[in-house]
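A.B. asks: To start, I am sharing the structure in question, which I have written as structure tokens.
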Amino acid sequence: METSLPWIILLSPLASAVLILLFAHRSKPLSVLLSLTAVFAAFGSTLLLFSSHSVVQTSATWIDLGPALHLTIGLKIDALTRVMLLVVTGIGALVHVYSTVYMAEDDGKARFFGSLSLFMFSMLGIVLADNLAMMFIFWELVGVSSFLLIGHWFTKPSAAKAANKAFLANRVGDFGFMSGILLVWAATGSVEFAGIQENLAKLTVNPSLLTLAGLCLFCGAVGKSAQVPLHVWLPDAMEGPTPVSALIHAATMVAAGVYMLARIFFILEPSPVALGVIAAVGAVTAVLAALMATQQDDIKRILAYSTLSQLGLMVAGIGVGAWGASMFHLFTHAFFKALLFLGSGAVIHALHHEQNIWKMGGLRRTMPKTFITFVIGTLALTGTPGLAGFFSKDAILLAAWHKSAFIFGAALFTSLLTAYYMTRLVVVAFFGEAWTPNAKHGHDCPPAMTVPLMILAVLSVISGYKFFAGSIFGEELFHSVHAAEHVSLVPILAVSVFSIGTAGAWFLYNGRSKDPVKIPLFRNKFYIDELYASLIAGTQDLLASFSSWFDHFILDGVIVRGISGLTWGVGYTLRLLQFSNLQGYAFLFGTGVVILFYMLIK
Amino acid sequence: MFPPITLEILVLALGFILLLAESFSQSTSKRSLAKSAVFCLAWIFALSFFVTSAPANPEPGSFWNFYSADPVSMVFKRIALLTTMAVLVMALEYEKVLAKNIPSAREGAGTGEFFILPLFTCSGLMLLASAVDLVMAFAALELVTISFYVMVAYMRGSHASLEAGVKYLILGALSTGFFVYGITWIFGLTGETHFTKIALKLASLQGSDTAILFALVLVLVGLGFKVAAVPFQSWVPDVYQGAPTPVTAFLSVGSKAAGFLLLLRVLEPFLGVASIAHKILLVLSVLAGATLIFGNLAALPQNNLKRLLAYSSVGHAGYLLMAVACVGVAPSALGSVGATVGFYLFAYLLMTLLSFLVLTIATQHTKGEEIQHFNGLSKRSPFLAFALLVAMSSLAGVPLTAGFYGKFLVFAQAVNASQWTLIALGTVTVGAGFYFYLRVVAAMYWAEPADASPIQVSGLSKMIIVLLVAGIFVFGVNPKPVLSAFQTQQTPLASAH
């Protein structure tokens, strides 16, 4: 039973995706039913896994090429896997339910649910994999399914473009990831986590190789968890349907990078340089993204930048060695960020796809259920004492306090900004007056949408407490969450920056109909997108002009005309033209022969 | 049970019978020729499972000194048969274009041989798979090449096809010259033409490294041309673009497979000479690196899909050479490299045939082979667009496709052999590959079609396309059956050790 559960969790979404793609895509209700069955089967099996805390491992041979290559499909369940499984299947199940209403009118509903199942399969594959090769394959599959979901409304050019951007940015990171896997593999002779751990000494004897491998692996996380400088795709990915944003671009897929880092932490740990870089990248992402968030007007984009910033915090947590604390924050963040996204989805749904917060206002009266849950999510995210975010952020802050003043300062500043921009969002959208006719007619959505909100709101409150988180994390893992020694100054500082941020935003924005603060640098996201666009265009132009130069100048000019002119004289050139440039080809061929002779028999 | 050579004889006989039938037939449509060829090849394929094996220790002077039929060569034979069937189906789709480009007095005249010539290529490929002697290998290789000369230049009315034919013929003859010269050198050095005996003699030769290397260069030049390795690749873009599309497909699959098969066989004896082995591996690495760079980077600015596939063919030769360059000196390593090359060739075959089949069908409706002509194909025929999406993803190496596994295995070999430069190069070129393959996908799915009329696909082509797509996914998820088919590679040298 124990060994078959992981397979059920992994394969039921795959079965659903395949069935929908092949047979059920003509029937919307059937597709929805299949998808829901699969995700609840996975969720149920995950709950059953919590009946014991032992490590489960099951595997089958996949490729066997003798000593050169031996790969297995292995699934491993330990405490870390259990936490992640619960997040993915739990939030996945809620988002599936919510989507049945949110996507009710959509023509591509069957395709949407098929893609959602495919995503669940790929994500669960990452979580369950016991080796890097398998993880990489599912890592890529997650990229593909995310591509499909972001581009769900592919007739909208912006959605198609966003899907492309996400795919490309992720590819850049994945190359690093693959190189890292190859390095680790070459050094230790294994891709399985257990095997790598056994042979880690072969890698640690060469510190620079170790650092290089660690940084390459980190590249994968930079792409998937949208860290600077590959962060540009995540805000654009908000073009996808809102439930997708909640599931993939807030709670699960983007957290895969953090999960992966926690998994391979034993490889990173011996390299202080790699950890330092990781911490710095995380901290920079956290601060930059939070600054950008303060000046956005689109409700989903504010949440997207907030996600970036919180992911930065988790990565920084890994960098200071507190992977337990990072996983804890990942866990709590998944609930309240999914809540916030689904809440924003409810608002967008009620307001006929209006996403600009300045065209909302006064929603606390017309959408009370959404308002209350949204505020709970906001309070949890900003670190209000007593709610989930406070505990998990505190764990990261504590670890940073012991390790580096710079990281601690950055994290604290991020907390200040978080309190500021989230209060701004709530005040502008839910308080004040309704600024547009649309906003006046806001209404709470049907229960299939509000019930998931309420469940998530409850989880956003309790998921930080030991009675809840402790039982999910298990004794040992939860202990490592709070490994850092307690310093009472840290929570005091955290609460004070929270108060300053919240109060500042409240006084600045209460009752305003226009943004009183205008900082173009933040609003335009530090012009990073523009920089990339010009870089890419420049490179393309360069490549194109180089290849045309090569064609015209070298092939036609130097080789064909030059050589023929020298050897055969002008009269022959005319016949040469008729023959296109066969002589040029033969000349190249001959050169090749000479080079080969030279290389082998010099 | 039959002796294995029966298969080649049957294919040849089929070719001659169909040629005769063609010349005496009154019918203007030659389609039945292709259909009966496919049907008979299917029977021969079935027969291939009922052949006896070759004797382990043949008598001196007997036929079995030239020809062996180990399990791996049987796999190659079957693949050659299946490929030929797919090419013939493609040729059926291509019939209209063909008829337009062949000036003839009577309707349909001069198109019949186009459906029969691939059979001779097929028998050449099958013989090559079994050749254990340089003379046999050379004869088989020329049977393949000469039938290709005819097929490339087949469209007499098309300037591009004729030009491609001339280029291929002249450069091909040049490379054949080098290859034969290499064989004579080897014979001069060792007095043998049998691979096993050459290996034994070469290993015991003292102080003639330069002469051995000289022979090797000549052979490498000849085979480098066949597999389209840089700097012997210059013919590829023009010939691929100019030749009739089914021939291009056959050329990129068949010629490449033949070249690599022979390359591995020929290299084996030379790698047994310890004093020069490292030099050979260095040269192979350089060739692989240059081929990777040229094939993938030159493909970036291409706008013609057929030409793009030509550069992609060069690029894939680069990955295959990368695997070959990882051959260790120990024969056991050769076995796993052989399996890797075999799998890669098989995956390449699936995705290339698929691309060209879709290309053949689609271009008759799109009136062009430029990438922009494929704009909005997903709206005109979701089936073809999806098939091409699968082919392009597999060529680019998206996980869970056969193409990914091929690349994965190649990189695994490179890691094993610590070929760091090649791995770095390979990583960059895979990235470039994603860019130019996915451009095609973007055009099909995100651009608006100029003409939105739907495209119909015939039943036979549909079946082949479905099989190829299924193959790409099935062997992408579970590569085991193909790998183990190639893995029992007991090359003559390995058994002699």
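A.B. asks: Among the residues of region A:24-61, how many are under 28 Å from B:Ala485 (Cβ atoms) and without any contact (Cβ under 8 Å) to a residue 24 or more places away in the chain?
C.D. replies: The number of residues fulfilling the criteria is 2.
A.B. asks: Specify which of the listed residues (A:Phe413, A:Phe391, A:Phe406) is buried (at least 18 other Cβ atoms within 10 Å of the Cβ) and of a type in the set (Phe, Trp, Tyr).
C.D. replies: On the way: A:Phe413 fails: buried (at least 18 other Cβ atoms within 10 Å of the Cβ); A:Phe406 fails: buried (at least 18 other Cβ atoms within 10 Å of the Cβ).
Checking each option against the conditions leaves just A:Phe391.
A.B. asks: Are there any pairs, at least 6 apart or on different chains, whose C-beta atoms fall under 6 Å, with the first in region B:429-453 and under 20 Å from A:Thr155 (Cβ atoms) and the second surrounded by 16 or more Cβ atoms within 10 Å (Cβ to Cβ) and among the polar types (S, T, N, Q), and if so, which?
C.D. replies: So the pair list comes out as B:Ala443/B:Asn375; B:Met444/B:Ser378; B:Tyr445/B:Ser378; B:Ala447/B:Asn375; B:Pro449/B:Asn375.
A.B. asks: A:Leu387 versus (1) touching a His at 6+ places or on another chain (Cβ under 6 Å); (2) at pLDDT 90 or above: which is the lone unmet condition?
C.D. replies: Condition (1) is where A:Leu387 drops out.
A.B. asks: Which residue, of B:Thr340, B:Thr352, is surrounded by 24 or more Cβ atoms within 10 Å (Cβ to Cβ), within 11 Å of chain A (Cβ to nearest Cβ), of a type outside the set (Asp, Glu) and assigned to a helix (DSSP H, G or I)?
C.D. replies: Working: B:Thr352 fails: within 11 Å of chain A (Cβ to nearest Cβ).
Just a single option satisfies the conditions, and that option is B:Thr340.
A.B. asks: Here is a list of conditions, (1) of a type outside the set (A, V, I, L, M); (2) assigned to a helix (DSSP H, G or I); (3) without any contact (Cβ under 8 Å) to a residue 12 or more places away in the chain, and A:Phe147 meets all of them except one; can you say which number that is?
C.D. replies: Among (1) of a type outside the set (A, V, I, L, M); (2) assigned to a helix (DSSP H, G or I); (3) without any contact (Cβ under 8 Å) to a residue 12 or more places away in the chain, the lone unmet condition for A:Phe147 is (3).
A.B. asks: For region A:98-113, check the following and say yes or no: at least one residue is β-branched (Val, Ile, Thr), in a strand (DSSP E or B) and either under 18 Å from A:Ser225 (Cα atoms) or touching a helix residue (DSSP H, G or I) at 6+ places or on another chain (Cβ under 8 Å) (or both). Spell out how you get there, then give the answer.
C.D. replies: Filtering region A:98-113 for residues β-branched (Val, Ile, Thr) gives A:100-101.
Among the residues that remain, those that are also in a strand (DSSP E or B) are: none.
The answer is no; no qualifying residue exists.
A.B. asks: Can you find, within region A:461-472, the residue that is modelled with the lowest pLDDT among those that are of a type in the set (A, V, I, L, M, F, W, C), over 15 Å from A:Leu47 (Cβ atoms) and surrounded by 14 or more Cβ atoms within 10 Å (Cβ to Cβ)? Spell out the reasoning first.
C.D. replies: Let us first name the residues in region A:461-472 that are of a type in the set (A, V, I, L, M, F, W, C), namely A:461-462, A:467-469, A:472.
When the remaining residues are screened for being over 15 Å from A:Leu47 (Cβ atoms), the result is A:461-462, A:467, A:469.
Add one more test, that the residue is surrounded by 14 or more Cβ atoms within 10 Å (Cβ to Cβ), and what stays is A:461-462, A:469.
Details: A:Val461: 92, A:Ile462: 91, A:Ala469: 86.
Of everything passing the filter in region A:461-472, A:Ala469 is modelled with the lowest pLDDT.
A.B. asks: Suppose we keep only residues that are buried (at least 16 other Cβ atoms within 10 Å of the Cβ) and of a type in the set (Val, Ile, Thr) within region A:38-58. Which one would you say is nearest to B:Phe383 (Cα to Cα)?
C.D. replies: Result: A:Val39.
A.B. asks: Taking the condition of being within 11 Å of A:Leu132 (Cβ to Cβ) and facing chain B (nearest Cβ under 10 Å), how many residues in region A:185-217 meet it?
C.D. replies: Qualifying residue count for the region: 2.
A.B. asks: Additional query: Report yes if B:Ala69 is in contact (Cβ under 8 Å) with a residue 12 or more places away in the chain, in contact with a helix residue (DSSP H, G or I) (Cβ under 6 Å, 6 or more places away or on another chain) and not in a helix (DSSP H, G or I), otherwise no. Full working, then the answer.
C.D. replies: Numbers: in contact (Cβ under 8 Å) with a residue 12 or more places away in the chain: yes; in contact with a helix residue (DSSP H, G or I) (Cβ under 6 Å, 6 or more places away or on another chain): yes; not in a helix (DSSP H, G or I): yes.
When the stated conditions are applied, B:Ala69 passes them.
A.B. asks: Here are B:Thr196, B:Thr190, B:Thr184: which of them is surrounded by 19 or more Cβ atoms within 10 Å (Cβ to Cβ) and free of Cβ contacts under 8 Å to residues at least 24 places away in the same chain? Even if it seems obvious, please write down each step before you answer.
C.D. replies: On the way: B:Thr196 fails: free of Cβ contacts under 8 Å to residues at least 24 places away in the same chain; B:Thr184 fails: surrounded by 19 or more Cβ atoms within 10 Å (Cβ to Cβ).
Every option except B:Thr190 fails the conditions.
A.B. asks: Right, here's the next one. Sort through A:Thr414, A:Thr450, A:Thr423 and tell me the only one that's within 17 Å of A:Ala338 (Cα to Cα) and either in a helix (DSSP H, G or I) or free of Cβ contacts under 8 Å to residues at least 24 places away in the same chain (or both). Give the derivation first.
C.D. replies: Values: A:Thr414 fails: within 17 Å of A:Ala338 (Cα to Cα); A:Thr423 fails: within 17 Å of A:Ala338 (Cα to Cα).
Testing whether each residue is within 17 Å of A:Ala338 (Cα to Cα) and either in a helix (DSSP H, G or I) or free of Cβ contacts under 8 Å to residues at least 24 places away in the same chain (or both) leaves just A:Thr450.
A.B. asks: Moving on to the next point. Of all residues in region A:423-454 being more than 25 Å from A:Ser99 (Cα to Cα) and aliphatic (A, V, I, L, M), which is modelled with the lowest pLDDT?
C.D. replies: Taking region A:423-454 as the starting set, the residues that turn out to be more than 25 Å from A:Ser99 (Cα to Cα) are A:423-424, A:427-428, A:431-437.
Still in the list and also aliphatic (A, V, I, L, M): A:427-428, A:434.
Values: A:Val427: 91, A:Val428: 90, A:Ala434: 80.
The qualifying residue modelled with the lowest pLDDT is A:Ala434.
A.B. asks: Which one of these is within 11 Å of another protein chain (Cβ to nearest Cβ) and surrounded by 21 or more Cβ atoms within 10 Å (Cβ to Cβ): B:Ala402, B:Ala447, B:Ala424, B:Ala412?
C.D. replies: On the way: B:Ala402 fails: within 11 Å of another protein chain (Cβ to nearest Cβ); B:Ala447 fails: surrounded by 21 or more Cβ atoms within 10 Å (Cβ to Cβ); B:Ala424 fails: surrounded by 21 or more Cβ atoms within 10 Å (Cβ to Cβ).
Testing whether each residue is within 11 Å of another protein chain (Cβ to nearest Cβ) and surrounded by 21 or more Cβ atoms within 10 Å (Cβ to Cβ) leaves just B:Ala412.
A.B. asks: For region B:391-398, does any single residue satisfy the condition of being over 22 Å from the mean Cα position of the chain (by Cα), more than 23 Å from B:Gly254 (Cα to Cα) and surrounded by fewer than 24 Cβ atoms within 10 Å (Cβ to Cβ)?
C.D. replies: Taking region B:391-398 and keeping what is over 22 Å from the mean Cα position of the chain (by Cα), we get none.
No, the conditions are met nowhere in region B:391-398.
A.B. asks: Among the residues of region A:139-180, which ones are among the aromatic types (Phe, Trp, Tyr), surrounded by 23 or more Cβ atoms within 10 Å (Cβ to Cβ) and within 9 Å of another protein chain (Cβ to nearest Cβ)? Reasoning before the result, please.
C.D. replies: Filtering region A:139-180 for residues among the aromatic types (Phe, Trp, Tyr) gives A:139, A:147, A:153-154, A:167, A:175, A:177.
Remaining after also requiring surrounded by 23 or more Cβ atoms within 10 Å (Cβ to Cβ): A:139, A:177.
The answer is A:Trp139, and nothing else.
A.B. asks: How many of the residues making up region B:144-171 are more than 11 Å from every other protein chain (Cβ to nearest Cβ) and either in a loop (DSSP other than H, G, I, E, B) or touching a helix residue (DSSP H, G or I) at 6+ places or on another chain (Cβ under 7 Å) (or both)?
C.D. replies: Going through region B:144-171 one residue at a time, the tally reaches 16.
A.B. asks: Within the group A:Arg512, A:Arg523, which residue is charged (D, E, K, R), under 29 Å from A:Phe408 (Cβ atoms) and surrounded by 13 or more Cβ atoms within 10 Å (Cβ to Cβ)? Before the answer, list the steps.
C.D. replies: On the way: A:Arg512 fails: under 29 Å from A:Phe408 (Cβ atoms).
Result of the check over A:Arg512, A:Arg523: A:Arg523.
A.B. asks: A:Leu75 fails exactly one of the following numbered conditions: (1) surrounded by 22 or more Cβ atoms within 10 Å (Cβ to Cβ); (2) part of a helix (DSSP H, G or I). What is the number of that condition?
C.D. replies: Of (1) surrounded by 22 or more Cβ atoms within 10 Å (Cβ to Cβ); (2) part of a helix (DSSP H, G or I), only one is false for A:Leu75: (2).
A.B. asks: Could you say whether any residue in region A:502-510 is outside any helix (DSSP H, G or I) and of a type in the set (Phe, Trp, Tyr)? Can you show your working first?
C.D. replies: As a first pass, look at region A:502-510 and keep what is outside any helix (DSSP H, G or I): A:510.
Those still in the list that are of a type in the set (Phe, Trp, Tyr) too: none.
Checked region A:502-510: no residue is outside any helix (DSSP H, G or I) and of a type in the set (Phe, Trp, Tyr).
A.B. asks: Still on this structure, I have one more. For B:Val132, which of the numbered conditions (1) over 25 Å from A:Met599 (Cα atoms); (2) within 14 Å of chain A (Cβ to nearest Cβ); (3) not charged (D, E, K, R) fails to hold?
C.D. replies: (2)
A.B. asks: Here are A:Ser117, A:Ser122: which of them is within 14 Å of chain B (Cβ to nearest Cβ), within 30 Å of A:Met454 (Cβ to Cβ), crowded, with 22+ Cβ neighbours inside 10 Å and hydroxyl-bearing (Ser, Thr, Tyr)?
C.D. replies: Numbers: A:Ser117 fails: within 14 Å of chain B (Cβ to nearest Cβ).
The unique qualifying residue is A:Ser122.
A.B. asks: Something else now. May I ask you to list the residues in region A:474-509 that are more than 14 Å from A:Lys393 (Cβ to Cβ) and at pLDDT below 85? Give the steps one after another, and end with the answer.
C.D. replies: First, the residues of region A:474-509 that are more than 14 Å from A:Lys393 (Cβ to Cβ): A:474-480, A:483, A:485-489, A:499-500, A:502-509.
Selection gives A:Gly474, A:Glu475, A:Glu476, A:Leu477, A:Phe478, A:His479, A:Ser480, A:Ala483, A:Glu485, A:His486, A:Val487, A:Ser488.
A.B. asks: Output yes when any residue across region A:280-289 is over 12 Å from the mean Cα position of the chain (by Cα) and under 19 Å from A:Glu140 (Cβ atoms), and no when none is.
C.D. replies: Kept after step one, since they are over 12 Å from the mean Cα position of the chain (by Cα), are these residues of region A:280-289: A:280-289.
The next check asks that each one be under 19 Å from A:Glu140 (Cβ atoms); those that pass are none.
Taking every residue of region A:280-289 in turn, none turns out to be over 12 Å from the mean Cα position of the chain (by Cα) and under 19 Å from A:Glu140 (Cβ atoms).
A.B. asks: Can you run down the residue pairs with Cβ atoms below 6 Å, 6 or more apart or on separate chains, where the first is in region B:364-377 and on the phi > 0 side of the Ramachandran plot and assigned to a loop (DSSP other than H, G, I, E, B) and the partner is modelled with pLDDT under 85 and surrounded by fewer than 16 Cβ atoms within 10 Å (Cβ to Cβ)?
C.D. replies: Sorted first by the residue in region B:364-377, then by its partner, the pairs are B:Gly376/B:Glu448.
A.B. asks: Hey, another quick one. What number goes with the only condition from (1) within 14 Å of chain A (Cβ to nearest Cβ); (2) surrounded by fewer than 24 Cβ atoms within 10 Å (Cβ to Cβ); (3) touching a Ser or Thr at 6+ places or on another chain (Cβ under 9 Å); (4) without any contact (Cβ under 8 Å) to a residue 60 or more places away in the chain that B:Lys201 does not pass?
C.D. replies: (1)
A.B. asks: For region B:256-327, give me every one of the helices (runs of 4 or more DSSP H) that falls completely inside it and has 2 or more residues that are touching a residue at least 40 places away in the same chain (Cβ under 8 Å) and within 19 Å of B:Ser393 (Cα to Cα).
C.D. replies: Numbers: elements: B:256-271, B:274-299, B:305-324.
Helices (runs of 4 or more DSSP H) meeting the threshold: B:274-299, B:305-324.
The values are calculated or read from the model by the stated rules, or taken from the named source; none is laboratory data. None of these values were measured; they are calculated from a predicted model. So basically every Cβ, Gly included, is an ideal-geometry build from the backbone, and we count neighbours across all protein chains shown.
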